[in-house]
Amino acid sequence: MGSSFLLMLREGLEAALIVAIVLAYLRTLGRKEQFKTVWAGVAGGVLVALVAGIAIFSAVGGLEGETEEIVEGLIAFTAAGVLTWMIFWMARQARSIKGNLQSKVDAALAARSTTALALIAFIAILREGLESALFLLSATVGTESNAAVFAGGLVGLAAAAAIGYLVYLGSRRVNLRAFFRVTGILVLLFAAGLLAKGIHEFQEVGLIPTALEHVWDISSVTWLNPDESTFGDFLKGLFGWSPNPSIEMLIAYFAYLIPVGTIFLRRTRGVPASVKPVTVEARAAA
């Protein structure tokens, strides 16, 4: 549940920020009558993402045996790659996202094209929705707690919508720079766990050899065993914790986390904790 909450909170907020920036700009221009066009684009993006997500879950849910394990491993590797791209994309685009969106809105209004305006929201929602489906799938495959995963995702979306609304209102209490840095670190931990999970799935079918099956085995410690405790399941879902990892899983985990985490921290460095929270007008998603 923790991993789905985090991922949907971050994905949902990225989409909510785009919608909030567009709506706030239209309000500034005195074009609130175009709000319905933006919301139509949002609804279209949600609908298409839901259909695609259901189709993907149905297809994967019907797999069995070695094919299932191979697909689960591929999903884990793919999700880790997309997650990594996502956090670095946001770090790179944060400084220009507000200006780019306003330019697109200006162009759509100048052309009197409601379709172009709706597409701004539609594409944003669809992109985040498809990414969310992939991440939720990676969090649910191989687990028995699908209901908890989806519940966490819904709570994360609700929180993202609430923060997006505050941004639309111009709240100075939303420190987006700090939010994206902290959640970026947590997402990297989750991505490292996905890589280890992918290694495990491939080892199960013999696609990756195993030099040392268990570096340690503390499965008997109930509160650390994902199959026997809520806390252990939380650690597994959010950080990729395993009570009996192979040496290859550990190598993959830290070979990813240390260099990628270092690069991320360096690129997002430079904002003291005491800095006054920025508004959407000053820095949309820094």
Need pairs with beta-carbon distance below 7 Å; first residue assigned to a helix (DSSP H, G or I) and within region 113-129, second among the charged types (D, E, K, R) and at pLDDT 90 or above; sequence gap 6+ or separate chains. 120/104
Before we move on, is residue 55 assigned to a helix (DSSP H, G or I), surrounded by fewer than 17 Cβ atoms within 10 Å (Cβ to Cβ) and touching a residue at least 12 places away in the same chain (Cβ under 8 Å)? no
Which listed residue is of a type outside the set (Gly, Ala, Ser), in a loop (DSSP other than H, G, I, E, B) and farther than 26 Å from residue 148 by Cβ, from 228, 213, 248: 213
Any chance region 151-162 includes a residue that's within 20 Å of residue 19 (Cβ to Cβ) and outside any helix (DSSP H, G or I)? no
Exactly one of 183, 222 is surrounded by fewer than 23 Cβ atoms within 10 Å (Cβ to Cβ) and in contact (Cβ under 8 Å) with a residue 60 or more places away in the chain, and that residue is 183
Any chance you could count how many residues in region 65-99 are among the hydroxyl-bearing types (Ser, Thr, Tyr) and more than 14 Å from the chain's Cα centre (by Cα)? 2
Select from region 58-67 the residues that are in a helix (DSSP H, G or I) and either at pLDDT 85 or above or exposed (fewer than 14 other Cβ atoms within 10 Å of the Cβ) (or both) and list them in ascending order. 58, 59, 61, 65, 66, 67
Please indicate, with yes or no, whether at least one residue in region 11-25 is assigned to a helix (DSSP H, G or I), within 20 Å of the chain's Cα centre (by Cα) and surrounded by fewer than 15 Cβ atoms within 10 Å (Cβ to Cβ). no
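The values are calculated or read from the model by the stated rules, or taken from the named source; none is laboratory data. Model, not experiment: these values are computed from the prediction. With ideal geometry, Cβ positions are generated from the backbone for all residues, glycine too; neighbour counts draw on all protein chains shown.
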